[in-house]
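Before any comments, here is the structure.
None of the figures in this text is laboratory data; all of them are computed from the coordinates on show. Source: prediction; values computed, not measured. Note: ideal-geometry Cβ built from the backbone for every residue, glycine included; neighbour counts use all protein chains shown.
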Amino acid sequence: MLQLLDFTGENIIATRANDLLGIKDYEKIHPFIHNIISTGRKVRWYFEMDDGSGSDSTGFWEDGIIEIDYGKFTHSDDIETIAIVGDKKWEKCMLSIMKPFTKANLRYFELSEKEKAKEWIINEVKSNEIITK
C-alpha cells in the first residue's frame, strides 16, 4: 500500500510504501501528478520504502513480481526529481524499476538518511543525474 506523507504539496508527491504495491497505488498518485503539471511545474517525488522486515524477503511485491505496465505510464517527462529511500537491499531493484524516469534526477538514500532525502527533494534540482552510494 502506498500512503501519502504530510509534506506532499506544491510540486512534491511524498509517499511511503509499506506493503504490496500495484497499479492501484499508481492510480492513487496520478491525480496529484495532473494537478502539478497543470500548473506548468514538474513533479518531485519522494518515495520511501520500509518493509520493516530486515530480511531478504521480496517485501513490496508478492513473489517478487512487480505489477508495472510501462506502456500505460505517460508522465516520465513530467517528473524532474525522484528521491528513493529504502534499505540497501532494494537499491539495484528500484533503480532498475525507475527506468521510465531516467530523464529525472534520481538519487537513492538509505532509511537512515530520510531527512537528507527530504531536504534534497525539496531544495535540490540539478541536471540529469543518477546518484547511488
| remark: Two pseudo-spin positions, 7 Å from Cα along C-beta at Leu4 and at Leu111, lie apart in nanometres by 2.5
| request: Work out how much length Glu91 to Asp19 would gain on full extension: take 0.36 nm times their residue separation and subtract the Cα-Cα distance, in nm to one decimal. | output: 24.2 nm
